[in-house]
Amino acid sequence: MEETTGLRERKKAATRLALHEAALRLAADGGIDAVTVEAIADAANVSRRTFSNYFSGKEQALFHGDTTRLHRLLQLIREQPVDEEPWTVLSRAAERLTEEVFGGSEPSWLTQRRKLRGHPGLAQHQVAAYAAIERELAAELAHRLTGDDAALRSRLLAATFLAILRVALQHWIEHPDDPMAQIVRTALVAAAPAMAPGGHRTSTGA
């Protein structure tokens, strides 16, 4: 039963990725406005109904890769020890994700993304996706902070951290001469003095 479920999930993931890659390719070639859901489904060799089972629209399909990377970032943060300083945890997770995604050769999707940057429809979806992750990240950070203002500080920390990563990625897309890892590290170090909060939760040994 578990093997069957695992196979089904892998097939779903493969279909979702195929739709995402088709959407990126079509949008890079002809522009986002010219892309239709039907064209994406045809390019991925699936039906229009199948597309609707995975994505609500072409913008969601285009942003799927970024959403996947954001969820991976959240997973890396949750895996960090709860007694470590939050900014250290965030920085380590960001550097690990950067190494996973950008550690080797330039990702094939990057050239396509460069052609799409600045489109208002995609930017709007990007803001919504980051907002959803921001809420989850703030909830995770709240468990790592103490004090009456922990809820507020966790929201500020989550929002600032994600904004730094978003700006670093955009900077790299526009200026790819420097390694992405270096840009992320520089950005995080520059923000750390202002954002590293005190009052993080420490282990009691209980």
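The values are calculated or read from the model by the stated rules, or taken from the named source; none is laboratory data. This is a predicted model, so every value here is computed, not measured. Please note that ligands, DNA and RNA were not included when accessible areas were found on the heavy atoms of the full protein model with its side chains. Shrake-Rupley method; radii C 1.70, N 1.55, O 1.52, S 1.80 Å.
Key figures
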read-out	value
Exposure rank, largest accessible area first [HIS64, HIS175, HIS143; 1.4 Å]	HIS143, HIS175, HIS64
Distance between the stretch 31-68 and the stretch 139-187 - C-alpha centres, whole angstrom	29 Å
Heavy-atom accessible surface of the stretch 14-72: percent carbon and sulfur, 1.4 Å	46 percent
Per residue accessible area in Å² of the stretch 147-186, where ligands, DNA and RNA are left out and the probe is 1.4 Å	55 Å²
Interchain or long-range residues, amide H under 5 Å from LEU145's placed H	ARG201
P(r) histogram, all alpha-carbon pairs of the stretch 40-114 included - 5 Å bins from 0, percent	3, 13, 18, 17, 15, 13, 11, 6, 3, 1
Straight-distance crosslink candidates among aspartates and glutamates, where the alpha carbon sits under 17 Å from LYS11 and sequence neighbours closer than 8 are dropped	GLU2, GLU3, GLU21
